[in-house]
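Working notes, beginning with the structure itself.
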Amino acid sequence: MKKFALLSLAAIAALASEPVTIQKITVEADAPKADSKSVNADEIVKFSRQSDLGEMLSSALPEITHVRTTAIGNDIVLRGFKKDNLNITIDDAKVCGACPNRMDPPAMHVSSSQIQNVEVQEGPFDVTQFGSLGGKINVVTKDPAKGLHGEASATLGSFDYRKLSATVEGGNDTVQALVGYSRETSGQYKDGEGKTMAEQADGAPTGQRYQTAHKNDDAYARQNFWAKIVGNVGNNQKLTLSYFGDRADNVLYPRYPMDALKDDTDMLKAKYQMFDLGAFSKELMVEAYHSKVEHEMGTDFRAGATSATMTMVSPVDATIEGIRVENSASLSETEITLGIDLSKRNWNGTKGNRTNPYITVQIPDADTNNIGLYTKAAKTFGALDISGGLRYDDTSVDADQNLSTTAKDRDYSNLSANVLGRYHYSNNGNFFVGLGQSSRVPDARELYFAGGIGNTNLNETINREIDMGVEQTLGNLHFRGTLFYSDLKDYIYAYKTGTGTNTSYANIDARIVGGDITADYLINNEWSLQCGIATQKGTKKDTAQLDALSTAVQTDKDLADIPPLKGRVALVFDDAKNYAAAEWIAASSQTYDQNNGEQGIGGYGILNLKYGTDFGNGFSLSTGINNFFNRTYAVSNSYIGLTTIMEGAQPLVLNEPGRNFYATVSYKF
């Protein structure tokens with residue numbers, strides 16, 4: 001099969017100044033293994049003030065938007081898909097956040113210092129993972145190298161941001177190992193009007209505002225530690241063992257009635273590969289993982305916490321473990337893969353006060369068990385590449401009915417399939433058409449959450465999608481355009497049950513239509529121009545589905561959580577020693593679902609400036625200014641589908657940081 005690598009739009013230099021490549025893999029079954037050769041790979045380097053994957057991806061790719069909830073741990077929206085409608089993995093292993101309000105989305109549970117690259121796959125074209133409804137984002141972490149190497153870095157930034165990071169790695173031909181540690185803290189950022197995060201919450205009901213004693217608290221403190229061992233067993237076997245730990249404390253969440261006092265994550269993974277076992281096995285892979293998140297929320301910093309019984313607390317935890325066995329072979333010039341994928345996700349949570357935190361069961365110790373069988377194949381016929389995949393899932397969601405008398409067990413079975421044709425009409429151009437169907441089952445919050453929010457009768461969501469596009473290189477110009485149409489059957493949707501703030505979930509039929517265009521022009525050996533634009537529109541097919549459930553009038557056909565038209569233009573200078581970039585990111589005003597509490601958010605345009613230099617003796621410097629003109633603006637974060645601080649019946653819209661600076665000094669040996 002001819003494999004292709006789309007032009008990398010951007011990359012993130014982690015705070016240790018290590019380049020992090022973001023690879024866009026739209027509707028391709030296999031991730032490209034190398035960057036596109038059509039442009040200088042160095043121009044994909046850019047910098048970041050902090051290790052928030054959602055924010056970094058949002059600034060790099062116009063089709064991705066982050067959902068601002070706090071200074072760190074922001075959720076990801078890809079083409080209008082978010083939460084469980086996206087698969088976000090770390091080295092193809094899952095970690096599930098414990099907070100039912102997405103305080104700790106999967107993208108939070110990785111340090112930027114350990115990232116090698118990020119693979120972004122759009123659409124329902126992955127069959128190797130359970131629940132890839134609208135796309136998949138996989139974080140690939142660094143492997144250790146032979147010899148003895150190390151790096152250390154220190155970052156200072158606006159709003160009292162501090163980070164220290166260190167990594168040591170080494171080994172020989174047989175065994176290589178890597179260990180790393182980072183610690184970061186940050187004060188509350190200020191928006192363009194000079195308001196801190198706590199001050200932005202001053203419009204909330206009195207009891208949900210921050211106490212005077214805590215109004216100037218730090219935004220968060222966080223530690224990460226990780227290790228990886230790679231062993232080469234003989235000539236055709238490889239064993240990889242990895243561990244990652246994340247400890248986040250006292251994270252302020254001004255959009256929510258509670259803050260995260262504790263968020264502890266542990267992930268273990270083992271991967272065993274055997275190569276060239278015979279005509280029917282080019283590679284046999286067995287991998288297993290286990291991850292656990294312990295999350296404790298509380299109102300300790302809020303004005304309503306006047307006593308132990310008036311201080312609300314909610315301890316929740318989430319565990320997921322899985323095993324995957326996959327065999328690939330090349331038969332009659334056809335690449336064929338067969339696999340089995342097993343996973344079990346447990347979610348449990350209560351709510352009470354400091355005297356008794358177990359008064360109310362919010363998520364009743366629910367297990368989501370999945371067995372998936374999949375196959376994929378790819379073959380080249382001259383200038384035409386054909387690839388496709390098929391997956392069958394059998395899933396059960398079981399709750400502890402002793403903890404919730406209204407809970408009931410649910411069973412789902414689904415078939416996912418896709419086919420992609422790519423025609424290379426010249427050495428420098430191709431166009432493709434892809435058709436895909438995928439599904440995802442409701443999670444435990446959507447099924448069982450207390451207070452009438454959960455709906456035990458929810459069906460799984462089915463996405464039937466068509467993607468098409470063209471890619472062309474003309475001299476120093478490389479461009480790519482993509483269009484997609486997503487038809488969503490039984491889309492799981494949060495809606496207002498009445499005129500107040502109560503919400504629940506329902507199945508509706510909807511569609512999302514959109515596209516994106518990216519272009520990169522190499523002006524000369526040192527200067528280049530990058531640009532991209534993306535848009536999508538989400539529509540409810542029939543509001544009558546919600547009218548039958550809600551006492552509020554449902555006339556707005558706009559689908560919630562759909563980011564607006566967004567673009568990025570960057571002028572980049574890179575002479576191998578010095579790097580500089582001026583980046584303009586802009587978005588139009590957002591369409592919104594007024595019937596269900598979403599608010600309109602205005603358009604914006606911000607300028608980011610970056611500069612870095614390599615001193616040539618192991619030391620390097622990277623600096624930047626974000627939001628240079630100190631604009632006051634917000635991104636997509638106004639939907640009422642989560643338990644947010646309310647201004648009347650409307651959720652709080654949290655503004656983005658104002659002008660901020662950062663500088664990182666790093667040393668490598």
Which residues, taken from the range 574-606, are of a type in the set (A, V, I, L, M) and under 20 Å from S58 (Cβ atoms)?
A581, A582, I585, A586, A587, I601, I606
Residues of the range 596-610 classified as buried (at least 17 other Cβ atoms within 10 Å of the Cβ) and under 20 Å from K82 (Cα atoms), total
5
Here is a check on your reading of the model: is T456 among the polar types (S, T, N, Q), over 24 Å from the mean Cα position of the chain (by Cα) and on the phi < 0 side of the Ramachandran plot?
yes
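Yes/no matrix, rows are residues, columns are (1) under 21 Å from K496 (Cα atoms); (2) surrounded by 16 or more Cβ atoms within 10 Å (Cβ to Cβ):
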| site | (1), (2) |
| --- | --- |
| A544 | yes, no |
| A548 | yes, no |
| T551 | yes, no |
| Q554 | yes, yes |
| L559 | yes, yes |
| L565 | no, yes |
| A570 | no, yes |
| K577 | no, no |
| A581 | no, yes |
Quick check on this structure: which one of T539, T535, T551 is of a type in the set (V, I, T), assigned to a strand (DSSP E or B) and touching a Gly at 6+ places or on another chain (Cβ under 8 Å)?
T535
Q23 passes all but one of (1) at pLDDT below 90; (2) more than 30 Å from N428 (Cβ to Cβ); (3) within 16 Å of the chain's Cα centre (by Cα); which number fails?
(2)
Restricting the search to the range 240-269, which residues are more than 22 Å from the chain's Cα centre (by Cα), aliphatic (A, V, I, L, M) and either under 22 Å from G298 (Cα atoms) or surrounded by 16 or more Cβ atoms within 10 Å (Cβ to Cβ) (or both)?
M258, L261
Taking N356, is it more than 22 Å from E460 (Cβ to Cβ) and modelled with pLDDT of 95 or more?
yes
Just need a number here: residues in the range 47-97 that are more than 27 Å from L164 (Cβ to Cβ) and in a loop (DSSP other than H, G, I, E, B).
8
Would you point out which residue out of L133, L148 is closer than 30 Å to Y412 by Cα, out of contact with any Phe, Trp or Tyr (no Cβ under 6 Å at 6 or more places or on another chain) and not in a helix (DSSP H, G or I)?
L133
So, R162, is that one assigned to a strand (DSSP E or B), closer than 30 Å to T306 by Cα and either in contact (Cβ under 8 Å) with a residue 24 or more places away in the chain or hydroxyl-bearing (S, T, Y) (or both) or not?
no
Of (1) under 26 Å from D246 (Cβ atoms); (2) surrounded by fewer than 16 Cβ atoms within 10 Å (Cβ to Cβ), A166 fails just (2)
So which residues in the range 98-116 are closer than 24 Å to G349 by Cβ and assigned to a loop (DSSP other than H, G, I, E, B)?
A98, C99, P100, N101, R102, M103, D104, P105, H109, V110
Step by step: first the residues of the range 176-186, then only those that are within 24 Å of the chain's Cα centre (by Cα) and surrounded by fewer than 19 Cβ atoms within 10 Å (Cβ to Cβ), then the one that is farthest from D246 (Cα to Cα). Which residue is that?
T185
Would you check if there is a residue in the range 449-468 being in contact (Cβ under 8 Å) with a residue 60 or more places away in the chain, surrounded by 21 or more Cβ atoms within 10 Å (Cβ to Cβ) and touching a Cys at 6+ places or on another chain (Cβ under 9 Å)?
no
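The values are calculated or read from the model by the stated rules, or taken from the named source; none is laboratory data. Because the structure is predicted, anything quoted here is derived from the model rather than measured. Cβ coordinates were reconstructed from backbone atoms using ideal geometry, including for glycine residues, and neighbour counts include every protein chain displayed.
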